[in-house]
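Any read-out appearing in this document is the output of simple, stated calculations on the displayed coordinates, not a laboratory observation. The shown structure was predicted, so the numbers you read here are calculated from the model rather than taken from an experiment. When we count neighbours, we look across all protein chains shown, and the Cβ atoms used for this are built from the backbone with ideal geometry, even at glycine.
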Amino acid sequence: MEHTRAYGVGAGTLLFWTGVVHQAFGLTVGGGIALEIVRDGYVGAVEVSRDREVVFWFLVAGVLMMIGGRALARLERERPLPREFGGWLLALALLGGLAIPASGFWLALPMAALVFARARR
């Protein structure tokens with residue numbers, strides 16, 4: 001039974017698309033630096049510069065969001081995510097957003113709200 005399909009878009013789908021936007025932004029802003037890493041042979045080419053480290057981890061974070069989002073979306077088709085997961089998303093949004101106010105951490109708030117709303121049903 002596809003339990004949450006009737007609810008529409010879930011937290012997993014939002015997380016996946018957040019990762020896609022993360023990648024697009026990272027490549028738009030840091031694409032030149034990413035190309036430098038590849039041109040320099042990739043192996044050991046990240047640690048030579050703080051800018052390279054930032055771009056590398058920004059892009060890795062986007063991939064992790066996409067992977068996690070797909071996994072969560074699959075779980076959400078079977079049953080609602082546990083409330084605890086909503087708590088972790090809420091903590092991530094607040095702690096990350098307060099540390100870096102002009103960031104995408106706040107995007108985890110609607111995901112947390114969806115998890116909480118659906119866990120009550």
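What to note about this one:
- When the Cα positions of 21, 58, 86 are compared along the charge dipole of the chain, 86 comes out farthest toward the positive end, with charges on each C-beta of Lys, Arg, Asp and Glu.
- Estimated FRET transfer efficiency (residue 50, residue 9; beta-carbon r; R0 30 Å; 0.05): 0.25
- Most mobile listed residue (82, 101, 110) in the chain, GNM with C-alpha springs under 10 Å: 101
- Whole-angstrom gap from region 28-42 to region 79-121, using each part's C-alpha centre: 32
- Rounded if a/c under 1.5, otherwise prolate or oblate - the chain, Cα gyration tensor axes: prolate
- Counting every other Cβ atom within 10 Å of each residue's Cβ, 38, 20 order from fewest to most as 38, 20.
- Against the chain, whose longest principal axis is taken from its Cα atoms, helix 11-39 shows a tilt of about 0°.
- For the options 87, 44, 26, a Gaussian network treatment of the chain with springs between C-alpha atoms closer than 10 Å singles out 44 as fluctuating the most.
- C-alpha long axis of helix 108-120 to longest principal axis of the chain, angle in °: 20
- Degrees between helix 50-78 axis and first principal axis of the chain (Cα, 0 to 90, nearest 10): 20
- Candidates 67, 37, 100, ranked by Gaussian network fluctuation over the chain, Cα under 10 Å, top entry: 100
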